[in-house]
Amino acid sequence: MSSLTSYLLVSALIFSIGLAGALTRRSAILVLIGIELMLNAANLNFIAFWRYGPNPQALTGVMFAIFSIGIAAAEAAVGLGIVLAVYRHSKTTELDQMNSMKG
Amino acid sequence: MTATFLILAAITIAGTVAAMAMRNLVHCVLALTLGFAGLAALYLQLGAQFVGLTQVLVYVGAVAILAVFVIMMTQKPAQTTESIFSSFWLTGSLIAALVFAVLGWAIYSSRLTSAIVSPHVEAAVRPIGDALMHRFVLPLEIMGLLLTAALIGAVVVAIQEKRGSA
Amino acid sequence: MHSAIQQADQIFVALQHRVAGYLPVKFQSIADVILSVIAIVLVFAFLFAVTTVLERKGLGRIQNRYGPNRVGPAGFFQPLADGVKSLTKEDLVPRAADQAVHFMAPVLLVIAAFLAYAVLPVGRNMVLADLNAGVLFFFAVGTLVELAVFMAGWSSRNKYSLLGAMRAIAQMISYEVPLVLASIVVIMAAGSLSTVSIVNMQTGYSGIWPHWFVLTPWGFAGFNLFMIAATAESNRSPFDLPEGESEIIAGYYIEYSGFKFALFFLGEYLGMFATSGLAITLFLGGWAAPFSFLTWIPSYLWFFAKLLLMIAIFIWIRGTLPRLRMDQLMNFAWQFMLPMTLINVFAAGVWHFMPGGVIRWLVCAVLLIVPAVLLSRGLKQGKKFEARTYRFAE
């Protein structure tokens with residue numbers, strides 16, 4: 001098994017864990033965290049492909065990872081802000097109980 | 001595949017699994033920071049120093065702390081005894097397992113990954129800065145705009161309206 | 001350089017290589033690292049012990065009392081007594097506390113504080129790791145401190161410790177922005193994130209005057225802004241709200257006793273030394289001598305002389321200024337520090353692109369002084385500073 005394959009496998013595992021968390025947890029905060037984990041798995045892929053890819057001098061994978069980290073930060077800020085706003089209305093962060101469109 | 005890689009991968013996966021499976025939300029976030037730190041170490045091991053350190057700065061320093069703040073503001077003090085998983089947890093985990101199976105199969109069967117030789121490369125800070133200022137200057141500007149918009153948006157969404165004024 | 005002087009300068013580096021040389025070649029690089037780590041831990045732990053007694057004596061003088069004067073000559077063995085006391089005290093953990101997190105918080109704090117020293121050059125060729133992104137490493141490690149503070153405050157299950165932790169984190173996050181922005185000017189000027197090359201940029205002399213970044217308008221402003229933000233980051237007075245004894249007892253470490261409390265104390269001081277060390281590295285020329293005719297004194301002595309000076313200033317400020325209020329603290333961070341650091345970045349850019357001379361000095365100084373005056377007037381607006389009536393004090 002080559003190095004790239006092992007990194008890709010770890011990344012796939014992290015992605016699946018994040019997906020499982022996002023799909024199964026009841027807390028909205030942990031669903032957001034699951035999405036963050038999936039983004040992180042993608043970042044690991046970018047870095048691994050950059051490192052073992054044909055043209056590492058171009059730094060494309062690294063650039064992609066940097067921008068992706070920035071996007072993830074923005075996503076976390078807005079997502080957690082929405083969780084707070086929803087909590088103010090319905091007094092819960094459990095996704096099962098957010099079943100009404102009325103504020 | 002070296003011993004360092006195995007240890008770091010084990011730490012990362014243990015952290016992420018714990019983050020998704022623990023009952024107490026704060027414990028989840030603390031386990032998550034372990035996972036993020038493990039990922040940062042993996043980046044460092046791959047030679048991407050700048051990305052690894054940015055990962056620690058952004059995820060451990062900002063995202064995890066933000067999540068902890070939101071947990072503090074929303075969690076009720078009483079411990080709930082009901083399940084932490086939602087009613088369709090079985091479907092969800094099946095989907096995740098399926099995704100992992102497909103990804104793993106794709107990685108194993110691809111011919112591309114087994115043929116590449118690995119020269120030693122390292123992403124120094126100076127070339128990254130050059131690339132950000134020349135080739136990637138437009139994405140950088142858009143990124144700044146997005147972050148500003150997200151900052152203002154998060155404040156607008158989360159701010160508490162005073163009773164009677166809104 | 002004269003060879004005897006050079007030997008005195010490099011004596012610790014030579015010693016390290018001598019000791020590592022006794023080992024087989026395979027282990028030499030690891031032995032080098034371990035020796036450096038041991039040296040850092042011992043030196044800065046000793047400096048911590050010295051600083052505690054100096055601070056208590058200095059504060060005592062400022063407050064017109066003696067300070068510790070019983071143990072050893074003039075009370076200078078007080079840290080030993082303190083150490084024995086904290087080691088023999090009972091280690092209490094609240095019954096409701098989260099045992100594991102409660103235990104990990106002080107450990108994480110001290111580890112994070114020591115990690116920061118890895119990139120500080122304390123002398124010529126005396127740095128543990130010359131990282132390509134050294135300054136970034138320093139700030140990344142600094143964020144671990146926030147996490148440790150949160151863990152301590154949350155796991156204690158005490159409302160005062162939680163309040164203290166929330167205050168501390170809000171303050172640290174707010175002041176991290178100006179801290180990083182204030183150091184960006186140096187990174188712009190040096191064109192590098194490596195602490196070693198930043199110091200090397202400042203080792204030259206014009207006449208007898210050094211090329212320190214603090215001797216430029218943007219460097220001077222940056223240094224002051226950096227030090228204000230660093231005071232807030234290390235929770236020192238006048239920004240010591242997270243542990244204000246009169247308001248929330250002792251903040252996030254109320255429920256810690258004995259050795260764990262000592263670890264918190266150690267971590268806090270180590271953080272202060274580390275940010276001071278970074279300020280010295282970025283603005284005050286690191287280990288470089290202040291005048292060209294003083295270069296014969298070994299480089300590490302200069303670094304520690306500057307560090308002791310910074311510590312003295314910290315103690316002086318702590319003894320002089322009263323504590324701020326939470327809203328004042330936040331307003332100051334977002335309405336004064338943040339705009340000033342951004343303007344400072346602009347001024348550094350102007351400095352870089354203008355031809356050298358007096359005009360450059362004037363333009364940059366005006367660029368910085370005018371907004372500083374306007375911003376501080378804006379902060380003062382709508383507030384009357386009159387003699388206060390203390391309703392409950394009479």
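The values are calculated or read from the model by the stated rules, or taken from the named source; none is laboratory data. Treat the numbers as computed from the prediction; the structure is a model and nothing was measured. Ideal geometry is used to build each Cβ from the backbone, glycine not excepted, and the neighbour counts take in all protein chains shown. For accessibility, only protein heavy atoms count, side chains too; no ligands or nucleic acids. Shrake-Rupley method; radii C 1.70, N 1.55, O 1.52, S 1.80 Å.
Criterion first (modelled with pLDDT of 90 or more, part of a helix (DSSP H, G or I) and more than 7 Å from chain B (Cβ to nearest Cβ)) does A:Ser16 satisfy it? Criteria not met by A:Ser16.
A quick yes/no check of all residues on (1) open to solvent by less than 10 Å² (accessible area, probe 1.4 Å); (2) part of a helix (DSSP H, G or I); (3) at the interface with another protein chain (Cβ under 7 Å from one of its Cβ atoms):
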residue	(1), (2), (3)
A:Met38	no, yes, no
A:Ile47	yes, yes, yes
A:Pro54	no, no, no
A:Gln57	no, yes, no
A:Phe64	no, yes, no
A:Ala76	yes, yes, yes
A:Val86	no, yes, no
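Yes or no: A:Ser11 without any contact (Cβ under 8 Å) to a residue 24 or more places away in the chain and of a type in the set (Gly, Ala, Ser)? Judged against the criteria, A:Ser11 is not a match. Scanning segment C:334-382 for residues being within 14 Å of C:Met188 (Cβ to Cβ), of a type in the set (A, V, I, L, M) and touching a residue at least 40 places away in the same chain (Cβ under 8 Å) gives a total of 4. Remark: B:Leu90 falls outside the filter, which requires a residue to be modelled with pLDDT of 90 or more and surrounded by fewer than 19 Cβ atoms within 10 Å (Cβ to Cβ). The listed residues are B:Thr4, B:Thr74, B:Thr12, B:Thr16, and the only one of them that is under 30 Å from C:Lys159 (Cβ atoms) and either away from chain C (no Cβ under 13 Å) or touching a Pro at 6+ places or on another chain (Cβ under 8 Å) (or both) turns out to be B:Thr74.
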